[in-house]
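Working notes for the structure below.
Just so you know, all these numbers are worked out from the coordinates, no wet-lab data involved. Only a predicted model underlies this, so the values are computations on that prediction, with no experimental measurement involved. Every residue, glycine among them, receives a Cβ derived from its backbone with ideal geometry; neighbour counts consider all protein chains shown.
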Amino acid sequence: MNTTPPQMLLQHHLKALRLPVFLAEYGKTATQCAQDKADYATFLLRLAELELLERERKGTERRIRAARFPASKGLEDFDFGAVPSLNKKQILELARCEWIDRRDAIVLLGNPGTGKTHLATALGLAACQRGYAVRFFTAAGLVNVLVEARNEKALLRLQGQLAKVALLIIDELGYVPFSKTGAELLFEIFSQRYEQGSVLVTSNLPFGEWTTVLGSERLTAALLDRLTHHVHILPIAGESYRLAQSRGRKKRSDTSPSQQENPETQT
Ligand code: ADP
Ligand code: MG
């Protein structure tokens with residue numbers, strides 16, 4: 001039956017129209033609709049909904065791949081109980097991405113291991129799920145590609161590509177000091193994004209110490225002026241999550257030697 005002309009034509013047309021879910025599901029949906037005594041409009045609606053859902057899922061997948069997150073860590077994996085200084089409600093609100101529509105910035109500040117990269121990734125994933133284009137870099141990685149692009153006379157093209165993403169994540173500003181050129185190129189990115197697109201920056205350094213990586217005091221002041229105009233600053237107080245976890249494990253095994261280590265706390 002499958003090879004009768006109308007079905008072959010339908011197969012061809014649905015492929016040409018790029019409606020793979022219609023093609024895969026119309027038989028099953030027709031049977032279901034016949035059972036439910038649903039009308040033709042309902043049959044079409046059910047197929048259209050399935051196609052749309054699949055398209056959204058694929059779009060999200062594509063955006064997540066393009067973002068190049070270092071790991072797939074969502075808010076559902078984040079233990080807010082371990083960081084009482086963070087306002088969970090505020091983070092969940094930020095995950096709704098209205099700050100990206102406003103082209104605001106987020107700065108996450110805290111010691112190493114306090115969950116900054118995890119949170120930055122989680123907010124980036126949320127943005128991908130809501131349809132925003134995202135790109136994740138470490139600060140050093142971004143400066144490297146900028147310097148490289150400049151040397152290869154491809155800087156304008158790279159800047160154009162970066163301008164197209166709705167959210168640029170710059171992780172780990174503070175560990176590696178930049179060359180003068182590197183700092184200037186990074187400044188240019190902040191300048192270009194100001195009120196044009198969102199940035200999320202994480203740093204182990206308080207603003208007052210950013211000169212140590214950016215070199216010039218004037219450039220740091222100008223960069224902070226732009227970055228902090230419309231900004232949500234999220235300080236994460238406390239010590240490393242990993243350290244706290246391994247200490248917790250140690251304490252538990254000290255007090256009850258027979259107790260097994262909790263596999264959930266392993267990273
Ligand atoms: P940072 O970027 O601040 O140095 P990370 O985000 O890399 O810290 O966190 C270090 C490790 O601890 C990661 O594996 C991260 O998933 C985990 N982690 C940190 N904070 C939390 C938390 N509150 N809940 C769950 N996992 C956390
Ligand atoms: Mg980090």
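Residues in segment 35-67 that are surrounded by 13 or more Cβ atoms within 10 Å (Cβ to Cβ) and under 12 Å from the mean Cα position of the chain (by Cα): Thr60, Arg63, Ile64, Ala66, Ala67. Looking only at residues that are within 15 Å of ligand 2 (Cβ to nearest atom) and crowded, with 16+ Cβ neighbours inside 10 Å in segment 68-91, which one is farthest from the chain's Cα centre (by Cα)? Across segment 68-91, the extreme among qualifying residues is Val83. Surrounded by fewer than 20 Cβ atoms within 10 Å (Cβ to Cβ), under 16 Å from Ser198 (Cβ atoms) and either more than 16 Å from ligand 1 (Cβ to nearest atom) or free of Cβ contacts under 8 Å to residues at least 12 places away in the same chain (or both): is that true of Leu162 in this structure? Yes, satisfied. Quick one: would you say Leu94 is buried (at least 19 other Cβ atoms within 10 Å of the Cβ), more than 17 Å from Val165 (Cα to Cα) and more than 14 Å from ligand 2 (Cβ to nearest atom)? The answer is yes for Leu94.
Of the helices (runs of 4 or more DSSP H) lying entirely inside segment 108-219, those containing at least 1 residues that are over 19 Å from the mean Cα position of the chain (by Cα) and away from ligand 2 (no atom under 16 Å from the Cβ) are 139-151, 155-164, 180-193, 211-214. The listed residues are Val134, Val145, and the only one of them that is touching a helix residue (DSSP H, G or I) at 6+ places or on another chain (Cβ under 7 Å), among the aliphatic types (A, V, I, L, M) and without any contact (Cβ under 8 Å) to a residue 40 or more places away in the chain turns out to be Val145. Only residues that are surrounded by fewer than 15 Cβ atoms within 10 Å (Cβ to Cβ) and within 19 Å of Leu94 (Cα to Cα): list them for segment 203-234, please. Those that are surrounded by fewer than 15 Cβ atoms within 10 Å (Cβ to Cβ) and within 19 Å of Leu94 (Cα to Cα): Thr228, His229, His230, Ile233. The residue that is surrounded by the fewest Cβ atoms within 10 Å (Cβ to Cβ), among those in segment 184-202 that are within 20 Å of Val134 (Cα to Cα) and of a type in the set (Asp, Glu), is Glu195.
Of the candidates Phe69, Phe43, the single residue that is without any contact (Cβ under 8 Å) to a residue 24 or more places away in the chain and of a type outside the set (A, V, I, L, M) is Phe43.
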